[in-house]
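What follows is a single structure, written as structure tokens, with notes after it.
The values are calculated or read from the model by the stated rules, or taken from the named source; none is laboratory data. Because the structure is a prediction, the values reported are computed rather than measured. Reconstructed Cβ throughout: ideal geometry from the backbone, glycine too, with neighbour counts over all protein chains shown.
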Amino acid sequence: MVPMETSVSHSVRSTGLANCTGNGDHRVLMTSYGTSGAAVAMQALLRRNVSVSGETDLAAAAALSLLSGEHGPVERWPFYTYLCGAMFCLLMSSGCHLLACHSEHASYVLLRLDYAGITGLIVTSFYPLVYYTFLCDPFSRTLYLGSITVFGAAAVAVSLLPVFEAPELRWARAALFVCMGASGLVPIVHKMLVFGARPEAVVTTGYEVAMGVFYLAGVLVYATRVPERWMPGRFDLVGHSHQLFHALVIAGAYAHYNAGLVYLSWRDMDKC
């Protein structure tokens, strides 16, 4: 491929960025939306709104890695799996926002990794909840973990279809991820029916409700493109819906991290 010239026109630069988690159909963002071509790709690391989103994700991934040094008698792999899923999601999103402007092929690959990262975060969020809640109930544990893992694999397969990134399917993308997350209500309700009298069950459910509220708010902001749809041009660089979406996802991930710590403390003291 012949490298693109450095002097790319503003119109090409502002429309050439990949549709990272549906961002390419941001018709109400007037300026500063990414770059196009290998010669100007590094400009995305400077003064672009996608740079703000990407750097936020990188910082959050680094913070989660520093928070992962917990040790104790009960098995830690479900908790670490969640942390890895969260970091994978944030790193894939960072890569998509910062590097997808390199070329059309890079955009295609990174966008699908971005969707896989979102799916991975949702799936691995189930692991601490299910494993530690049903530590003494192998049937329920296997049923829930197997179901969400299969659901996640199917979601990744669907996201590989080129039609999945079409702007008119923005709500369909949001609905898919909402349905995956909402399926977590089943093991949560099951947990409260069995362990509702335990303070650990109440506290973890509170964190999980907070996580769900943050995630749902993020999806609604993402799908409705608020606030930039109300004031086009005002939030082109900072404060637009996709940046708010990222901040809300990070808040939700941190809420679930705190739930995971409660699960570990619970099962360290009370095994089967």
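Do you know which residues across region 179-214 are among the small types (Gly, Ala, Ser) and in a helix (DSSP H, G or I)?
Kept after step one, since they are among the small types (Gly, Ala, Ser), are these residues of region 179-214: 181-184, 196-197, 201, 206, 210, 212.
GLY181, ALA182, ALA201, GLY206, ALA210, GLY212, listed by residue number.
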Conditions (1) surrounded by fewer than 20 Cβ atoms within 10 Å (Cβ to Cβ); (2) in contact with a Leu (Cβ under 7 Å, 6 or more places away or on another chain): number failed by HIS240: (1)
Complete set of residues in region 91-109 that are touching a Leu at 6+ places or on another chain (Cβ under 7 Å) and crowded, with 24+ Cβ neighbours inside 10 Å: MET92, SER94, CYS96, LEU98, ALA100, CYS101
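Restricting region 110-141 to residues that are of a type in the set (A, V, I, L, M, F, W, C) and farther than 24 Å from CYS179 by Cα, which is surrounded by the fewest Cβ atoms within 10 Å (Cβ to Cβ)? It would help to see each step written out before you state the result.
Of the residues in region 110-141, the ones of a type in the set (A, V, I, L, M, F, W, C) are 110-111, 113, 116, 118, 121-123, 126, 129-130, 134-136, 139.
Right, trim to farther than 24 Å from CYS179 by Cα and you get 135-136.
Details: LEU135: 18, CYS136: 12.
Only one residue tops the list, namely CYS136.
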Among (1) under 20 Å from PHE214 (Cα atoms); (2) in contact with a Ser or Thr (Cβ under 8 Å, 6 or more places away or on another chain); (3) modelled with pLDDT under 95 - the single one VAL178 does not satisfy: (2)
Odd one out for PHE139 among (1) under 17 Å from TYR115 (Cβ atoms); (2) without any contact (Cβ under 8 Å) to a residue 60 or more places away in the chain: (1)
Verdict on GLY233 being under 22 Å from ARG170 (Cα atoms), in contact with a Pro (Cβ under 8 Å, 6 or more places away or on another chain), at pLDDT below 90 and in a loop (DSSP other than H, G, I, E, B): no
Residues (among the β-branched types (Val, Ile, Thr) and out of contact with any Ser or Thr (no Cβ under 9 Å at 6 or more places or on another chain)) located in region 155-175: VAL158, VAL163
Qualifying residue in region 257-271 (condition: touching a Gly at 6+ places or on another chain (Cβ under 7 Å) and either closer than 18 Å to LEU129 by Cα or aliphatic (A, V, I, L, M) (or both)): yes
